[in-house]
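Everything on this sheet refers to the single structure shown next.
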Amino acid sequence: MYSSNLKGFILAMVSSAFIGSSFIIKKKGLRKAGVNGPRASSGGYGYLLEPLWWVGMLTMIIGEIANFVAYIYAPAVLVTPLGALSIIVSAVLAHFMLKEKLQKMGMLGCLLCIVGSTVIVLHAPEERSISSIEEIWELATQPAFLLYTASAVATALVLIFYCAPRYGQTNIMVYIGICSVIGSLTVMSIKAIGIAIKLTLEGTNQAKYFQTWIFAMVAITCIITQLNYLNMQSLIS
């Protein structure tokens, strides 16, 4: 168990480095694309033709793959907090590459990220042994989790269809809220897929269960939504 957690920890750290760097590279690409067309924050998609943005996207994909594999080896409660370290990577690189001055409150925020992540990692519980994707499905269909899922989806829809058109251009918290709420569902579905892949590689095929594909569809939908609003928030000044 310790060995698996260590692998997950290292992969999560590598993931944070790549993902944190990708934010800066993509933002430079978005800025460059915004010179010749509508900005992403205004609903434009000209950045899809910008090579620098794709370099950033490739960097993010590498980071997300490392993060995905980390979920296979370690509990979500260990891997997820380490994702906060990508904020620190982004803040430091933004200071040097984008000339965005890191204020005292920003430094305090980075320090709190480090302290919070360290505390959670040091007290991460042992992961429960799962023998089938059906076990995860049973947990995911518990009333408490279904209530949370319904609340998260409802909140995201309100933010997307009501708040974003009205306040998205002036309040960055709208897009951050969308990404954060959707992200909580992404973590759960990615963890389920990771376990399914691990069990399949160990000889117990999980592709035959429809639950595996439902988790996959949820993950893909959530990731696409997050990427869209992440690009929009990147250029809000």
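All of TYR71, TYR148 fail the test of being under 18 Å from THR212 (Cα atoms) and either of a type in the set (Ser, Thr, Tyr) or over 16 Å from the mean Cα position of the chain (by Cα) (or both), apart from TYR71. Taking the listed residues ILE120, ILE72, the one that is open to solvent by 30 Å² or more (accessible area, probe 1.4 Å), at pLDDT below 85 and in contact with a helix residue (DSSP H, G or I) (Cβ under 6 Å, 6 or more places away or on another chain) is ILE120, with no other qualifying. Filtering the range 193-211 to residues that are open to solvent by 30 Å² or more (accessible area, probe 1.4 Å) and part of a loop (DSSP other than H, G, I, E, B) leaves GLU202, GLY203, THR204, ASN205, ALA207, LYS208, TYR209. Just one of the listed residues (CYS113, CYS163) is in a helix (DSSP H, G or I), more than 30 Å from SER3 (Cβ to Cβ) and open to solvent by less than 80 Å² (accessible area, probe 1.4 Å), namely CYS163. Among the residues examined, TYR229 does not qualify as open to solvent by 60 Å² or more (accessible area, probe 1.4 Å) and hydroxyl-bearing (Ser, Thr, Tyr).
Of all the listed residues (LEU85, LEU112), the sole one being in contact (Cβ under 8 Å) with a residue 60 or more places away in the chain and not aromatic (Phe, Trp, Tyr) is LEU85.
Quick one: which of TYR47, TYR73 is in contact with a Ser or Thr (Cβ under 6 Å, 6 or more places away or on another chain), in contact (Cβ under 8 Å) with a residue 12 or more places away in the chain and over 20 Å from GLY183 (Cβ atoms)?
Answer to the check: TYR73.
If you go through the range 138-160 and keep only what is among the hydroxyl-bearing types (Ser, Thr, Tyr) and in a helix (DSSP H, G or I), you end up with TYR148, THR149, SER151, THR155.
Once the range 123-152 is narrowed to residues that are closer than 27 Å to ILE87 by Cβ and in contact (Cβ under 8 Å) with a residue 60 or more places away in the chain, the residue that is least open to solvent (accessible area, probe 1.4 Å) is ALA124. Among the residues of the range 78-109, those that are within 18 Å of SER22 (Cβ to Cβ) and surrounded by fewer than 17 Cβ atoms within 10 Å (Cβ to Cβ) comprise VAL92, HIS95, PHE96, MET97, LEU98, GLU100.
Residues of the range 116-126 that are within 21 Å of the chain's Cα centre (by Cα) and outside any helix (DSSP H, G or I): ALA124 alone. Counting only residues that are of a type outside the set (Phe, Trp, Tyr) and either at pLDDT 90 or above or in a helix (DSSP H, G or I) (or both), the range 166-180 holds 9 of them. Among the candidates ILE223, ILE172, ILE190, the residue that is surrounded by 21 or more Cβ atoms within 10 Å (Cβ to Cβ) and within 28 Å of ILE24 (Cα to Cα) is uniquely ILE190. Exactly one residue out of VAL187, VAL115, VAL153 is closer than 27 Å to MET13 by Cα and either assigned by the TED database to the domain that holds GLY8 or at pLDDT 90 or above (or both), and it is VAL115. Close Cβ contacts (under 6 Å, 6 or more residues apart or on different chains) running from residues in the range 55-69 that are open to solvent by 20 Å² or more (accessible area, probe 1.4 Å) to residues that are in a helix (DSSP H, G or I) and among the polar types (S, T, N, Q) comprise THR59/SER21; THR59/SER22; ASN67/SER15.
The values are calculated or read from the model by the stated rules, or taken from the named source; none is laboratory data. Since this is a predicted model, take the numbers as computed values, not measurements. A quick note on method: Cβ atoms are made from the backbone with ideal geometry, for glycine too, and the neighbour counts reach across all protein chains shown. We work out accessible area using only protein heavy atoms, side chains counted, and drop any ligands, DNA or RNA first. Shrake-Rupley method; radii C 1.70, N 1.55, O 1.52, S 1.80 Å.
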